[in-house]
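Working notes for the structure below.
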Amino acid sequence: MFEFRQLRQYVVVAEELNFRRAAQRLHMSQPPLSVAMQNLETEVGTQLLDRSKHHVRLTPAGVVFYKDAQRLIQLAQMAAERARRTGLGQQGQLRLSFVPSAGLDLLPGVFKRFRQDYPTVHLQLTAETTTRQLEDLRSGEVDLALVVGPVFDARGLQLVKMHAQPFAVAVPASHPLAGRARVRLRELAAEPFVGFPSAQGAGFAAAVQAVCQDAGFLPRVVQEASQMQAILTLVAGGLGVALVPASMDRLHMEDVVLLEIADRRPPRTYDLVLASATTNDNPVIQAFVSIALRMSRR
């Protein structure tokens, strides 16, 4: 079978219809070019060029071969460009899983920026609890997960910590504290809490325990729910108060008031972490992580 180099040479000869000019374009001497075209015709099995002392013309077979050779060269160039873009993380697919609360404030801006910078990358998105996200990472179901840290079992995972996220206190609209804008955590020591189950998100549950302990008490959890919106529903029903991501105020749920935490030291925050499998070499992962880190610092 003929070589790809011969295809490029033939296209130049077909465009110039002059071996001298074609050889100049190809930065080679004329005799080797003539030999290459003869070898090409032998490989193809038919005459492609009608040569004489005064002209070079394409035979009918040569016209057909010229058009197909152009397509093959264009396809090869496209294949090289697509491979290059994929290697740079500029093309391909990213399967991303995230905790739903991050979709309220952080992720929309990240998605917008990522779409601007990488318009040809397809994002496949799912919203899950941290426990399920880590399972999907290890099984290869997703490439990257935005989880609540800390991740206690980080075997086989690459972790990138993002900017800390603030807590807020959710109370029923009928609660005595609902008329306040801010509250100190120690004022909640005697309150029943609606909590997040550790089995579904050990990092978030541990963070809630830690900030309450720093305030001098352990929360008395009377109800649990594995989705933040469900937690707010239980709070709205008067079953307790809750520590939730401050971004939940964007839901504007009826009968729930979100209060800012007045305590500043230590900061009343929890961690968001970008996690990926160390064996996953998808170059889009690093592209997304870089943008997410930049946007979270803003």
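Would you please name the residue that is surrounded by the most Cβ atoms within 10 Å (Cβ to Cβ), looking only at residues in the stretch 109-135 that are in a helix (DSSP H, G or I) and in contact with a helix residue (DSSP H, G or I) (Cβ under 8 Å, 6 or more places away or on another chain)?
Here is the first cut: in the stretch 109-135, the ones in a helix (DSSP H, G or I) are 109-117, 130-135.
Right, trim to in contact with a helix residue (DSSP H, G or I) (Cβ under 8 Å, 6 or more places away or on another chain) and you get 109-110, 113-114, 117, 130-131.
Values: G109: 14, V110: 20, R113: 15, F114: 22, D117: 14, T130: 25, T131: 17.
Among residues in the stretch 109-135 that are in a helix (DSSP H, G or I) and in contact with a helix residue (DSSP H, G or I) (Cβ under 8 Å, 6 or more places away or on another chain), the one surrounded by the most Cβ atoms within 10 Å (Cβ to Cβ) is T130.
State all residues of the stretch 90-108 that are at pLDDT 85 or above, of a type in the set (G, A, S) and in contact with a helix residue (DSSP H, G or I) (Cβ under 8 Å, 6 or more places away or on another chain); if no residue qualifies, say none.
Within the stretch 90-108, S97, S101, A102 meet the criteria.
Of the numbered conditions (1) buried (at least 16 other Cβ atoms within 10 Å of the Cβ); (2) of a type in the set (V, I, T); (3) within 27 Å of F111 (Cβ to Cβ), T278 satisfies every one except a single condition; which is it?
Unmet condition: (1).
Within the stretch 214-243, can you find the residues that are surrounded by fewer than 16 Cβ atoms within 10 Å (Cβ to Cβ) and free of Cβ contacts under 8 Å to residues at least 60 places away in the same chain?
D214, G216, F217, L218, R220, V222, A230
All but one of (1) among the charged types (D, E, K, R); (2) surrounded by 20 or more Cβ atoms within 10 Å (Cβ to Cβ); (3) more than 32 Å from the chain's Cα centre (by Cα) hold for R268; state the number of the condition that does not hold.
(3)
Based on this model, can you work out whether I285 counts as touching a residue at least 12 places away in the same chain (Cβ under 8 Å) and under 24 Å from D143 (Cβ atoms)?
yes
Just to be sure, is L259 in the same structural domain as A173 (by TED's automatic domain parsing), modelled with pLDDT of 95 or more and aliphatic (A, V, I, L, M)?
yes
Quick check: anything in the stretch 148-156 of a type outside the set (S, T, Y) and part of a helix (DSSP H, G or I)?
For the stretch 148-156, residues of a type outside the set (S, T, Y) and part of a helix (DSSP H, G or I): absent.
Would you mind finding the one in L17, L40 that is of a type in the set (A, V, I, L, M), in contact (Cβ under 8 Å) with a residue 12 or more places away in the chain and either out of contact with any helix residue (DSSP H, G or I) (no Cβ under 6 Å at 6 or more places or on another chain) or within 30 Å of L125 (Cα to Cα) (or both)? Can you show your working first?
Values: L40 fails: either out of contact with any helix residue (DSSP H, G or I) (no Cβ under 6 Å at 6 or more places or on another chain) or within 30 Å of L125 (Cα to Cα) (or both).
Result of the check over L17, L40: L17.
Being surrounded by fewer than 19 Cβ atoms within 10 Å (Cβ to Cβ) and part of a loop (DSSP other than H, G, I, E, B) is the filter here; which residues of the stretch 157-174 pass it?
Passing the criteria: H163, A164, A173, S174.
Among the numbered conditions (1) surrounded by 14 or more Cβ atoms within 10 Å (Cβ to Cβ); (2) under 18 Å from F4 (Cβ atoms), tell me where L58 comes up short.
L58 satisfies all of (1) surrounded by 14 or more Cβ atoms within 10 Å (Cβ to Cβ); (2) under 18 Å from F4 (Cβ atoms) except (2).
Take A173 and tell me if it is under 19 Å from P245 (Cβ atoms) and either in the same structural domain as A215 (by TED's automatic domain parsing) or modelled with pLDDT under 95 (or both).
Details: under 19 Å from P245 (Cβ atoms): no; either in the same structural domain as A215 (by TED's automatic domain parsing) or modelled with pLDDT under 95 (or both): yes.
No.
The values are calculated or read from the model by the stated rules, or taken from the named source; none is laboratory data. Please read all numbers here as calculations on a predicted model, not as lab measurements. Positions of Cβ are backbone-derived with ideal geometry, glycine not excepted, and every protein chain shown enters the neighbour counts.
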